[in-house]
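The values are calculated or read from the model by the stated rules, or taken from the named source; none is laboratory data. What you see is a predicted model; the values in this text were computed from it and never measured. With ideal geometry, Cβ positions are generated from the backbone for all residues, glycine too; neighbour counts draw on all protein chains shown. Accessible surface areas use protein heavy atoms only, side chains included; no ligands, DNA or RNA. Shrake-Rupley method; radii C 1.70, N 1.55, O 1.52, S 1.80 Å.
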Amino acid sequence: MDALHIVVIDTDADRAAMIRGGLEDEGEYRVSIVSEMQGLAARLARLDADIVLIGLENPNRDTLEQLTAAAGPSERPVAMFVDRSDRGMMQAAIAAGVSAYVVDGLRRDRVRPVLETAIARFHSFARLQAELTATKAALAERKTIDRAKGILMKARGIDEEAAYALLRKTAMDQGKRVAELAEGLVTAAGLLS
């Protein structure tokens, strides 16, 4: 397996070196340091990081928004080390998708545990997002099937059970999913009414 590519974003060279040192002490990572905020999103896209670690002295809302948007917290784990913060900044960072937010806790020996926490939290959140997406899709399919059953019940004068059986049999005969057939029926009914 290839070594994880970790990008450290920090304008403070000493803090960036401490983060790099903590990573090098604990594992085999490819580490890139980004110290310039200008063109950050493009630079991160080129670097194609697996994980982003951000070091900030005292974040403000604009800096936080710029960094989280560029780091892509929905695409990869992002951990943020800040020297000073307030509750609002922490909540804004977490809401933006930052996986780990550490205030005044940057020590060389803590980098690895924070990194592992960020990765675990990112994967946990990604699983929840996937489950939510699947649940929403299933609910939408269920609503479409119910609408199609209603159309068949009205058009054919049959009960709900017979309407579903007809949908299922027709879908099987046509090699389609019931939801796919129901969607076509609902669309056709909408065109005809």
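Tabulated data for the structure shown
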read-out	value
Condition check for Ala16: at pLDDT 85 or above, among the small types (Gly, Ala, Ser) and outside any loop (DSSP other than H, G, I, E, B)	yes
Number of the condition not met by Tyr164 [criteria: (1) of a type in the set (Ser, Thr, Tyr); (2) in a helix (DSSP H, G or I); (3) assigned by TED's automatic domain parsing to the domain that holds Asn58]	(3)
Check on Ile119, farther than 22 Å from Asp2 by Cβ, open to solvent by less than 60 Å² (accessible area, probe 1.4 Å) and at pLDDT 85 or above	no
In segment 69-87, the residues that are open to solvent by 30 Å² or more (accessible area, probe 1.4 Å) and either not assigned by TED's automatic domain parsing to the domain that holds Gly22 or not aliphatic (A, V, I, L, M) (or both)	Ser74, Glu75, Asp83, Arg84, Ser85, Asp86, Arg87
Every residue from segment 171-183 that is open to solvent by 40 Å² or more (accessible area, probe 1.4 Å), without any contact (Cβ under 8 Å) to a residue 12 or more places away in the chain and of a type outside the set (Lys, Arg)	Met172, Asp173, Gln174, Gly175, Glu180
Condition met for Ala79 (of a type in the set (Gly, Ala, Ser) and part of a strand (DSSP E or B))	yes
Residue match in segment 132-145 (condition: surrounded by 15 or more Cβ atoms within 10 Å (Cβ to Cβ) and hydrophobic (A, V, I, L, M, F, W, C))	yes
Pair list, Cβ under 8 Å, 6 or more apart: segment 32-48 residue open to solvent by 60 Å² or more (accessible area, probe 1.4 Å), other residue assigned to a loop (DSSP other than H, G, I, E, B) and charged (D, E, K, R)	Ile33/Asp10; Ser35/Asp10; Arg43/Glu36
